[in-house]
Amino acid sequence: MRFISRRFHAVLDYIIGIALLAAPWLFNFDEIEAAKWSAIAVGALILIMSFMTDYEGGGKKVISMGTHLTMDVLAGLFLAASPWLFGFADQIYWPHLIVGIMEMGAGLFTERRSQHAHVHSVDRNIRHAH
């Protein structure tokens, strides 16, 4: 079941991307290099991908929504696993794990089709019915 709208997903992308860039300083793990750079890398990826996606929040619109959502799941999986992959779980893991799980959820539960396209298809069907 996909219950997150594309428009809401776009807003979340920019909020989460910026939050991940700031997370090392917000949660005091800026001195742990692997923790810092995994959060920054995923945050930057989310922001770049969001700008490039063909959805309500995109600027360039060259990445399909399906590709974007797949990348969200993969980026979330990477972020959630990064404390154990890079060996910093004994120092900090909650921000990476929680945001990673949220990112996977966003990829799995966001509508793929544009609400705008749906409105046009309903309009077309109503016009053809008359």
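The values are calculated or read from the model by the stated rules, or taken from the named source; none is laboratory data. This one's a predicted model, so the numbers in the text were calculated from it and none came from an experiment. We place every Cβ from the backbone using ideal geometry, glycine too, and count neighbours over all the protein chains shown. Only protein heavy atoms, including side chains, enter the accessible area calculation; ligands, DNA and RNA are left aside. Shrake-Rupley method; radii C 1.70, N 1.55, O 1.52, S 1.80 Å.
Report yes if some residue within region 37-51 is touching a residue at least 60 places away in the same chain (Cβ under 8 Å) and either more than 16 Å from residue 104 (Cα to Cα) or out of contact with any helix residue (DSSP H, G or I) (no Cβ under 9 Å at 6 or more places or on another chain) (or both); otherwise report no.
For region 37-51, residues touching a residue at least 60 places away in the same chain (Cβ under 8 Å) and either more than 16 Å from residue 104 (Cα to Cα) or out of contact with any helix residue (DSSP H, G or I) (no Cβ under 9 Å at 6 or more places or on another chain) (or both): absent.
Test residue 98 against the criterion of being in contact with a helix residue (DSSP H, G or I) (Cβ under 6 Å, 6 or more places away or on another chain), open to solvent by less than 90 Å² (accessible area, probe 1.4 Å) and either closer than 24 Å to residue 113 by Cβ or among the aliphatic types (A, V, I, L, M) (or both), and give yes or no.
Considered against the rule, which asks whether it is in contact with a helix residue (DSSP H, G or I) (Cβ under 6 Å, 6 or more places away or on another chain), open to solvent by less than 90 Å² (accessible area, probe 1.4 Å) and either closer than 24 Å to residue 113 by Cβ or among the aliphatic types (A, V, I, L, M) (or both), residue 98 comes out as no.
Go through region 17-32 and report how many residues are of a type in the set (A, V, I, L, M) and either part of a loop (DSSP other than H, G, I, E, B) or open to solvent by 100 Å² or more (accessible area, probe 1.4 Å) (or both).
So the answer is 3.
All but one of (1) within 18 Å of residue 109 (Cα to Cα); (2) open to solvent by less than 30 Å² (accessible area, probe 1.4 Å); (3) modelled with pLDDT under 95; (4) of a type outside the set (Val, Ile, Thr) hold for residue 54, so report the exception by its number.
The failed condition is (2).
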